[in-house]
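A short worksheet on the structure shown next.
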Amino acid sequence: MDPKRQKVKLNDGHFIPVLGFGTYAPEEVAKMEALEFTPFSIEVGFCHIDCAHVYQNEEQVGQAIQSKIADGTVKREDIFCTSKLWCTSFRPELVRPALEKSLKSLQLDYVDLYIMHYPLALKPGKELFPKDENGKLIFDSVDLCHTWEALERCKDAGLTKSIGVSNFNHKQLEKILNKPGLKYKPVCNQVECHPYLNQSKLLDFCKSHEIVLVAYAALGSQRVKEWVNLNHPVLLEDPVLSAIGQKHKKTAALVALRYQIQRGVVVLAKGNNKKWIKENIQVFDFELTPEDMKAIDGLNRNIRYYEFQPGVGHPEYPFSEEY
Ligand SMILES: NC(=O)c1ccc[n+]([C@@H]2O[C@H](COP(=O)([O-])OP(=O)(O)OC[C@H]3O[C@@H](n4cnc5c(N)ncnc54)[C@H](OP(=O)(O)O)[C@@H]3O)[C@@H](O)[C@H]2O)c1
């Protein structure tokens, strides 16, 4: 099999490609980047595309995927497409319409994976980030288990092959796993994960429950000032990653991506230029030694780039727990 199509099995029997292309970009460039770079990513061999309603570019990602199907580069079944349920649609009756909206934008009959974006329900409505007169996010109170049951119904209806979560801590995962009458376990938990926040405890927890950990910000995030704490050091400038890269004649970025795949983590990579998108697919061309892996493990320092500060104070804010 083409190494670029390497996959891992999910707990519901479907398979997820171990490398995914990230489509999040700052609002002003999100649509343009999706149109330009998503088709290119498919041309160089990415077969897993990570989208979300809140990125506001699913229409452009959909056009890009359709263009690559139309020109014969791929078939629909060659592409693994993820979308995410935004927090303003957590009330059970809003879940299926939200997924149907994403499907319409993506011009797809089904997504391969649909995940709850954050465990933080927000006030329903048109605003993605509903705020009060003091600029504070307006929270909603929805039992995450009820949202999960609505996701289970979407899977049964064939609108998504698999269902999962994102940004859940282990207690929130436990809540779903221990839900009376659980029909499907989450197949994944997509979380920030990189050598400075290697999530080893959450990873062990997920592995013990057959939940795949999917890493975002694996390259240290895009450092978008609205969302990222810019006081944190730049991951790809880390001398240990660079030295290991030099040894293998690869870049620090490739070392950071390869690290995840070798520890059983599915990894997402954003690329906002063609050179990097082409480079990132080379993650399949080399192998880190056990000593390299140990040295990278040693870089962990619990640095979280995406703290989602506006969500602090929400009863389900996930990042106050150790893992
Ligand atoms: N579930 C969630 O809550 C969540 C949150 C965040 C992200 N995500 C998903 O995860 C994806 C990836 O995370 P991310 O967007 O934070 O970014 P990332 O994958 O950590 O990438 C960050 C930046 O690294 C640089 N880069 C990429 N390839 C490189 C290379 N080969 N050499 C050097 N630099 C390179 C680019 O930055 P510059 O050009 O700016 O230097 C890129 O924007 C997102 O696009 C999205 O799909 C999900």
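The table below lists the values:
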{"quantity": "Anisotropy class of segment 98-240 from Cα gyration tensor, a/c 1.5 cut", "calculated": "oblate"}
{"quantity": "Probe 1.4 Å, accessible area per residue of segment 2-54, Å²", "calculated": "39 Å²"}
{"quantity": "Mean separation of Cα contacts under 8 Å (6+ apart) over length of segment 83-146, as relative contact order %", "calculated": "39 percent"}
{"quantity": "Whole-percent carbon and sulfur share, accessible surface of the chain, 1.4 Å", "calculated": "50 percent"}
{"quantity": "Which listed pairs, of Lys75/Lys104; Lys101/Lys274; Lys9/Lys68; Lys75/Lys183; Lys31/Lys84, have C-alpha distances above 20 Å, in listed order", "calculated": "Lys101/Lys274; Lys9/Lys68; Lys75/Lys183"}
{"quantity": "Accessible heavy-atom area order of Lys4, Lys201, highest first, probe of 1.4 Å", "calculated": "Lys201, Lys4"}
{"quantity": "Stretch gain in nm, segment Arg223-Met1, where the contour uses 0.36 nm per residue and the Cα spacing is subtracted", "calculated": "76.4 nm"}
{"quantity": "Estimated distance in nm for a label pair at Asp12 and Gln107, the labels positioned 7 Å out from Cα along Cα-to-Cβ", "calculated": "2.6 nm"}
{"quantity": "Rounded accessible area of Thr289 (nearest 10 Å², 1.4 Å probe)", "calculated": "50 Å²"}
{"quantity": "Candidates Val165, Val191, Val234, ranked by Gaussian network fluctuation over the chain, Cα under 10 Å, top entry", "calculated": "Val234"}
{"quantity": "The chain shape via C-alpha gyration tensor axes, a/c threshold 1.5", "calculated": "rounded"}
{"quantity": "Candidate residues Asp143, Asp292, Asp109: accessible-area rank, largest first, probe 1.4 Å", "calculated": "Asp109, Asp143, Asp292"}
{"quantity": "Accessible-area ranking of Glu192, Glu226, largest first, probe 1.4 Å", "calculated": "Glu226, Glu192"}
{"quantity": "Amide proton proximity set for Val111, modelled H, under 5 Å, gap of 5+", "calculated": "Thr160, Lys161"}
{"quantity": "Cross-link pairs beyond the 22 Å C-alpha cut-off, checked among Lys131/Lys185; Lys123/Lys207; Lys131/Lys225; Lys126/Lys225", "calculated": "Lys131/Lys185; Lys123/Lys207; Lys126/Lys225"}
{"quantity": "Gaussian network model of the chain, Cα within-10 Å springs - most flexible of His117, His209, His194", "calculated": "His209"}
{"quantity": "Relative contact order of the chain, pairs being alpha-carbon contacts under 8 Å that are 6 or more residues apart, as %", "calculated": "18 percent"}
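The values are calculated or read from the model by the stated rules, or taken from the named source; none is laboratory data. A quick note: this is a predicted structure, and the numbers were derived from the prediction, not measured. Virtual Cβ from ideal backbone geometry, glycine too; neighbours counted across all protein chains shown. Keep in mind that these areas ignore ligands, DNA and RNA; they rest on the heavy atoms of the full protein, side chains included. Shrake-Rupley method; radii C 1.70, N 1.55, O 1.52, S 1.80 Å.
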